[in-house]
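Q: This structure is in structure tokens; I'll ask about it shortly.
The values are calculated or read from the model by the stated rules, or taken from the named source; none is laboratory data. Bear in mind the structure is a predicted one, so any value in this text is a computation, not a measurement. Glycine also receives a Cβ, built like all others from the backbone with ideal geometry; neighbour counts cover every protein chain displayed. Remember, those area values only see protein heavy atoms, side chains included, never the ligands or the DNA or RNA. Shrake-Rupley method; radii C 1.70, N 1.55, O 1.52, S 1.80 Å.
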Amino acid sequence: MDNGLIFPPGFLWGAATAAYQIEGAWNADGKGESIWDRFTHTPGKIRDGSTGDVACDHYHRWEEDVGHIAALGLRSYRLSIAWTRIFPDGTGRPNQRGLDFYRRLLTALNARGVAPAVTLYHWDLPQALQERGGWLRRDTAYRFAEYAATAFRHLGREAALWITHNEPFIQAFYGHGTGENAPGERNPWAILTVGHHLLLSHGLAVDAFRAEFGARPLVPGQGPQVGIVLMIWPHHAASERPEDQAANRIADGGMNRLFLEPLFRGRYPDDIMRHFKWRGMRPAVAPGDMAIIGRPIDFLGVNTYTRLINQANPRDLLSGARQVTPPGPTTAMGWEIYPDCIIEALNKARAYTNLPLYITENGAAYDDVVGPGGEIDDVARIDYLRAHIAAAHRAIAQGIDLRGYFVWSLLDNFEWAHGLSKRFGLIHVDYATLRRTWKRSAYWYRAVIARNGLEAA
Ligand code: FCB
């Protein structure tokens, strides 16, 4: 009998969110301004003119949301802490009301048998630190380490997995290169320094974690673990032409190897350094930095949604590449539906490390339609998730140590520069009433978790 695709016992089925994208309450209870508050309050930055001031109002509705998380049967829930709720100005004395909010939330999750996976930095730097130079300034890495130490001290045991950073690539390249994300800088020469300070702050936070919990990595389930989440999207060359192959290597290097190599090999990739040096960019590496960045961690999180196909484009001075329109069908983000991104991304990670891996984000935006009876029949999202979860199963069968899978996202939410226009949620949010409604994909995912895998086709 065909039992379908069953996952190993204890596989961590989850869903993910981030503070700025769901919480709202942007200035409640002493919260300070973050670079995303400043950015969304600047006209013209967000495509639909929306902000995260209210978003899903999770800050006030967290109890209802924990109810949804428990009803889905999630084994883990990935959330992020807003640095500005703990340190409104980025440093100084912690704000008790901010710590209390996250303590209540984490305690409630644990009480429902849901293991929290907590990201410290999902791009929302305190604006006060931005004004002192932000991630271009080395000191910011030390302020991050203080914030991390405070979070570990007050909340550390409440989370199963601690994630220092989410996708440093996006913060560096989109926040400081293209300016599409906060802080909206267009300083390509700043990218490598920003990336370096993000990585340095990661290593310093790992040191703070070990100082709090002991020097040796803990066994899963016996205490919190620490890791980082990288965006790893496979890159393919548009053709066999040497120019396209070379452009593809640089594009892949800038997104993937630029972070994997320092974390796991103690150096920056030579070809990427050469490529950017020619453009006047170089990271400000001080003696000892690479050892800090390479501190042993307990797991690696991988965010992957699609692949990118690159063609040489000498007119793009930064990357030298242009992305070709993908051949296959796409989601509402214009991202190709390419389930093997899961296997290719995990293999890319495995080329660097044997650590346990998690897919910390995967999912799809669609223009969901609410039916006359209020139902949301998002079959396309179910097809996307099914195909990608099947790929995760293939990855495990190939010997990859994949420990969990998190859908992006639990709720429809504020999708950065796209504002509220892109819906990734298992649960629909009506932004006028803030009402939550389970989409068909939520019922489907609940059944996947209950059977620990996919039904036979
Ligand atoms: C990832 C982000 C996440 C979300 C998804 C769609 O890059 O980490 O916050 O926006 O993309």
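Q: Using a cut-off of 11 Å between beta-carbons, work out the net charge of the residues near Arg436 (Lys and Arg +1, Asp and Glu -1, Arg436 not included).
A: On the way: positive: Arg61, Arg435, Lys439; negative: Asp57, Glu64, Asp65, Asp412, Asp430.
Neighbour charge sum, excluding Arg436 itself: -2.
Q: Now a separate question. Compute the convex hull volume of the Cα atoms of region 1-101, divide it by the residue count, and report the result per residue in Å³ as a whole number.
A: Numbers: hull volume 15.0 nm³, N = 101.
Dividing the Cα hull volume of region 1-101 by its residues yields 148 Å³.
Q: Out of the total accessible area of region 5-454 (probe 1.4 Å, heavy atoms of protein only), what percent is carbon and sulfur? Kindly include the intermediate steps, with their values, before the conclusion.
A: Numbers: 8560 of 16530 Å².
Of all accessible area on region 5-454, carbon and sulfur atoms account for 52 percent.
Q: Amide H of Ala115 versus every other amide H placed in the peptide plane: which residues, excluding those fewer than 5 positions away on the same chain, fall under 5 Å?
A: Ser76, Tyr77
Q: With the Cα gyration tensor of the chain in hand, give its eigenvalues times 5 under a square root as the equivalent ellipsoid semi-axes, listed largest first in whole angstrom.
A: Numbers: eigenvalues 174, 148, 108 Å².
Sorted largest first and rounded, they come to 29, 27, 23 Å.
Q: Give me the percent of DSSP beta bridges within region 5-454 that run antiparallel, rounded to the nearest 5. Walk me through the intermediate numbers first.
A: Values: 12 of 50 bridges.
Antiparallel bridges make up about 25 percent of those DSSP assigns within region 5-454.
Q: What does the accessible area per residue of the chain come to in Å², with a 1.4 Å probe and no ligands, DNA or RNA counted? Each step should come with its number before you reach the end.
A: Working: 17270 Å² over 457 residues.
So the chain comes to 38 Å² accessible per residue, rounded to a whole number.
Q: Rank Tyr352, Thr433, Gly184 by how far each Cα sits towards the positive end of the charge dipole of the chain (+1 on Lys, Arg Cβ; -1 on Asp, Glu Cβ) and give me just the farthest.
A: Of the options given, the answer is Tyr352.
Q: Rounded to whole Å, give me the distance from the Cα center of region 31-55 to that of region 171-220.
A: What the calculation gives is 22 Å, centre to centre.
Q: Sum -39500 (n - 2.57) across every DSSP H segment of at least 4 residues in the chain, then divide by the residue count to get the 222 nm mean residue ellipticity, nearest 500. Can you show the working numbers first?
A: Working: 16 runs with 169 residues, N = 457.
After summing the helix terms and dividing by residue count, I get -11000 deg cm²/dmol.
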